[in-house]
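So the structure is just underneath, and the comments pick up after that.
Values in this text are rule-based calculations from the coordinates and carry no lab data. Being a predicted model, the structure only gives us computed values, none of them experimental. Cβ placement follows ideal geometry from the backbone for every residue including glycine, while neighbour counts extend to all protein chains displayed.
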Amino acid sequence: MATQTRTPKLQLCSDASRAAGEDPIGTAPHWQEVTVLELDVPVWARLRDVANWTAEQGGVFERLRGKVEASGAGFGLLMSAPARAGQPLRVRHYTRGPGGYGRRDYQSEWPQSEWARGLTDTLLEPENLGGWQAVDRPPSGPDLHVCTHGTVDAACGRYGVPVYAALQAAGLRSWRTGHFGGHRLAATAVELPSGYLWAHLTPELAVQVARREVQPAEVAQHLRGFAGVPALAQVLDRELLVRHGWNWLRAQRRAEVSGETVTLHFELDGTSGLARAEISPAPSLKIPGSSHKPGLGDVKQWQLGQVSLETQATA
């Protein structure tokens with residue numbers, strides 16, 4: 001009689017992260033601007049298929065690498081599924097500004113295969129946006145881009161899809177979004193225009209965060225960081241978010257990092273301030289970086305030192 005072999009259950013990296021008690025702060029990328037390409041899910045794989053890029057598509061990324069190296073200004077690229085498949089290429093462009101990022105929407109008559117134009121015209125040659133049709137921005141409120149890219153990592157499919165479904169059911173602006181890094185933090189989401197990235201979201205928690213039904217102190221351990229400042233500065237920014245509450249999202253801020261010293265300048269509600277703290281390494285964790293690769297990697301953790309704060313009323 002043949003013996004059946006049961007396939008072992010896949011161990012998800014996000015489960016390992018939660019079990020290890022990982023603090024995700026400082027894992028947000030540092031972006032000066034973000035382009036969201038509205039692409040049908042099958043197109044996501046084509047954009048990620050570097051080997052089959054056209055010369056034009058490869059050239060766009062070469063130019064973007066040069067832009068980052070010259071200015072030090074990073075950019076975000078998100079792929080989000082449109083509400084209806086088969087639509088012409090459309091982009092949402094977010095640029096760093098007071099209190100986070102400003103949003104502009106544009107639509108075209110080009111097919112989605114022309115995604116390289118969307119990157120060129122938003123990130124490299126913005127003067128070309130005159131050839132696009134501007135679209136009115138929606139009312140104020142968060143835009144949640146939830147990674148549901150299960151073909152990149154099973155954790156994002158397992159945990160991201162229910163979070164996206166809950167946000168949709170609650171009538172909140174949300175999109176199924178392709179991989180943007182951080183599988184082990186699934187369900188993970190980029191929230192714009194605030195510029196915050198979130199980790200280990202549950203359907204219930206995602207809705208509460210989007211509606212601001214919880215205080216920042218209650219969800220601090222789910223915050224990857226504010227993309228508007230470098231990684232170490234995200235640790236200090238989180239502390240100020242906890243102290244000020246959601247009002248902190250209105251703050252205009254910039255950060256300076258020198259070694260382990262972070263200085264964050266801000267303006268909020270008629271007050272200008274300067275916060276400074278030492279951010280030192282905490283014991284790192286050994287966690288798989290992917291559900292599909294069993295090898296363990298070092299995951300950095302951070303410790304916030306004493307915060308000094310100076311404020312004064314602005315004229």
Linear extension gain, Gln133 paired with Arg254, 0.36 nm per residue minus alpha-carbon span:
40.3 nm
Divide, for the chain, the radius of gyration over alpha carbons by 2.2 N^0.38 Å, where N is the residue count.
1.03
In square nanometres, what is the average projected area of the Cα convex hull of the stretch 229-305?
6.3 nm²
On the formula 1/(1 + (r/R0)^6), with r taken between the Cβ atoms of Ala51 and Ala313 and R0 of 51 Å, the FRET efficiency rounded to 0.05 is 0.30
Do the sum for the chain: with -39,500 (n - 2.57) for every DSSP H run of n ≥ 4, divided by all residues, what is the mean residue ellipticity at 222 nm, to the nearest 500 deg cm²/dmol?
-6500 deg cm²/dmol
Projecting each Cα onto the charge dipole of the stretch 10-231 (Lys/Arg +1, Asp/Glu -1 at the beta carbon, about the Cα centre), which of Leu39, Val91, Ser140 comes out farthest on the positive side?
Ser140
By Kyte-Doolittle mean hydropathy of at least -1.0 and Cα axial length of at least 18 Å, which whole DSSP H helices of the chain are selected?
55-71, 231-244
Name the long-range amide H neighbours of Ile287: under 5 Å, sequence gap of 5 or more, or other chain; modelled H, no Pro or chain starts.
Gly297, Val299
Integer Hz, Karplus 6.51/-1.76/1.60 couplings in order for the stretch 261-278, x for Gly and Pro
8, 10, 10, 10, 9, 8, 9, 8, 6, x, 10, 9, x, 9, 10, 9, 7, 8
Note down the magnitude of the dipole of the stretch 10-231 about its Cα centre, charges +1 on Lys and Arg C-beta and -1 on Asp and Glu C-beta and zero elsewhere, to the nearest 20 debye.
200 debye
